[in-house]
Amino acid sequence: MVAYFLLGLAIVSEVFGSSMMKLSNGFQKKLPIVGLILGMGTAFFCLSLALKTIPLGTAYATWSGVGTALTALVGIVFYKESVNIRKISALILIIAGVVIMKLAHS
């Protein structure tokens, strides 16, 4: 259970770090760069701890898939990026893939 909490924290940290990357304006703004480093550092640290218990394939598929989907949602909600049926379908397929990976390792 702790491992999945750490995996969740890794995902949230990675989404935060990615958002800070956007705000850094090509590494021109210092405060978002600090947020990027802290977010990504925390993400990799928590992911490494989660990997002590969770199989690599499951953990990485979950981390990258859910992180990608959440980052896309952050882009839509906070950065007013476009949304259409293809993008929504792709996000659903990503989440479905993560669920299937989890079921395959259960």
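The values are calculated or read from the model by the stated rules, or taken from the named source; none is laboratory data. What you are looking at is a predicted structure, and each value in this text was computed from that prediction instead of being measured. Using ideal geometry, Cβ is built from the backbone for each residue, glycine included, and neighbour counts are taken over all protein chains shown. What goes into the accessible areas is simple: the full protein's heavy atoms, side chains included, and nothing from ligands, DNA or RNA. Shrake-Rupley method; radii C 1.70, N 1.55, O 1.52, S 1.80 Å.
Annotations
- Each of the peptides 61-69, 91-99 was scored by the mean count of other Cβ atoms within 10 Å over its residues; in descending order, highest first, they stand as 61-69, 91-99.
- Look at the dipole of the stretch 6-94 built from charges on Cβ: of Gly17, Gln28, Leu6, the Cα furthest out on the positive end belongs to Gln28.
- Listed options for Rg and Dmax of the Cα atoms in Å are (1) 16.4, 53; (2) 13.3, 39; (3) 14.6, 45. The value calculated from this structure is the one marked (3).
- Per-atom-type breakdown for the stretch 65-106 gives carbon and sulfur 75% of the accessible area (1.4 Å probe, protein chains only).
- Candidate cross-link partners of Lys30 among the lysines, defined by an alpha-carbon separation under 29 Å and a same-chain spacing of 8 or more, comprise Lys22, Lys80.
- Pairwise label distance in nanometres, Phe78 with Ala3, each label 7 Å out on the Cα-Cβ vector: 3.0 nm
- The helix-based estimate of mean residue ellipticity at 222 nm for the chain, built from -39,500 (n - 2.57) per DSSP H run of four or more residues and divided by its residue count, is -28000 deg cm²/dmol to the nearest 500.
- Residue ranking by accessible heavy-atom surface, 1.4 Å probe, largest first, among Tyr4, Tyr60 comes out as Tyr60, Tyr4.
- Sorting Met40, Met21 by accessible area puts them as Met21, Met40; the probe is 1.4 Å, largest comes first, and only protein heavy atoms count.
- Length-normalised contact order of the chain in % [C-alpha pairs under 8 Å, at least 6 apart]: 30 percent
- Only lysines eight or more places from Lys52 in sequence, or on another chain, were considered; those with a Cα closer than 29 Å are Lys102.
- Against the criterion of solvent-accessible heavy-atom surface with a 1.4 angstrom probe, Ser18, Ser48 sort, most first, into Ser48, Ser18.
- Modelled label reach - Ala104, point 7 Å along Cα→Cβ, the stretch 38-64 residues with backbone N closer than 16 Å: 55-64
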